[in-house]
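A short worksheet on the structure shown next.
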Amino acid sequence: MAREPRERDRDDRDSEFVDRLVHINRVAKVVKGGRRFGFAALVVVGDQKGRVGFGHGKAREVPEAIRKATEAAKRGLIRVALREGRTLHHDVNGRHGAGKVILRSAPQGTGIIAGGPMRAVFETLGMQDVVAKSLGSSNPYNLVRATFDALKNEDSPRSVAARRGLKVSTLQGRRRDASDADVVGSEA
């Protein structure tokens, strides 16, 4: 029997995403007959073209927890503007709870220099060059949320120009003029 077109479209849409399991937590509830185990999964999902999301799922079995987390991640996708499709436009800080992160744009060929949970976010996002440092808590949930906080604070020149009512070319022209003035000022 042939599948409905809607089902096939949903499978095609799901196949464009790459998902990365970041962390699994096993918890035990002590009951009369012994222990009951449950699992919590943290998953990061992205299309490697500038969209990324994370999700948290809990269940009695690991595969079910991962499935729930993946669905939650797909519901909460955000779009991140990348410079030349490979790095950030500017350095940015993020924070969630005790987890603090610093993300820095990097020249081509640098690669992803970041720790576990942050690396998963950048790989699923499609970022190729970035330097990241985590400060404070190493809790994977807080690190992923802090990374998302930083990515939400990132602005592209296009969005800044639209907000200020300017053209992107004049905005970037001013930046070049300012850097030229710095070079001339240091020579004097």
Task: Pairs with Cβ under 6 Å, 6+ apart, first in region 150-173 and assigned by TED's automatic domain parsing to the domain that holds Pro117, second among the charged types (D, E, K, R) - done: Val168/Arg158
Open item on the list: If I ask for residues that are in a helix (DSSP H, G or I) and polar (S, T, N, Q), which ones from region 125-152 would you list?
Closed with: Asn142, Thr147
- [ ] Could you tell me whether any residue of region 153-173 is within 17 Å of Phe54 (Cβ to Cβ) and assigned to a helix (DSSP H, G or I)?
- [x] yes
Open item on the list: Could you list, ordered by first residue, the pairs with Cβ atoms under 9 Å in which the first is in region 86-105 and surrounded by 15 or more Cβ atoms within 10 Å (Cβ to Cβ) and the second is of a type in the set (Val, Ile, Thr) and assigned to a loop (DSSP other than H, G, I, E, B), at least 6 apart or interchain?
Closed with: Thr87/Thr110; Leu88/Val80
Open item on the list: Just checking, does region 113-122 include any residue being among the hydrophobic types (A, V, I, L, M, F, W, C), assigned to a loop (DSSP other than H, G, I, E, B) and more than 30 Å from Phe39 (Cβ to Cβ)?
Closed with: no
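The values are calculated or read from the model by the stated rules, or taken from the named source; none is laboratory data. Just so we're clear, the structure is a prediction, and the values are computed from it rather than from any experiment. Every residue, glycine among them, receives a Cβ derived from its backbone with ideal geometry; neighbour counts consider all protein chains shown.
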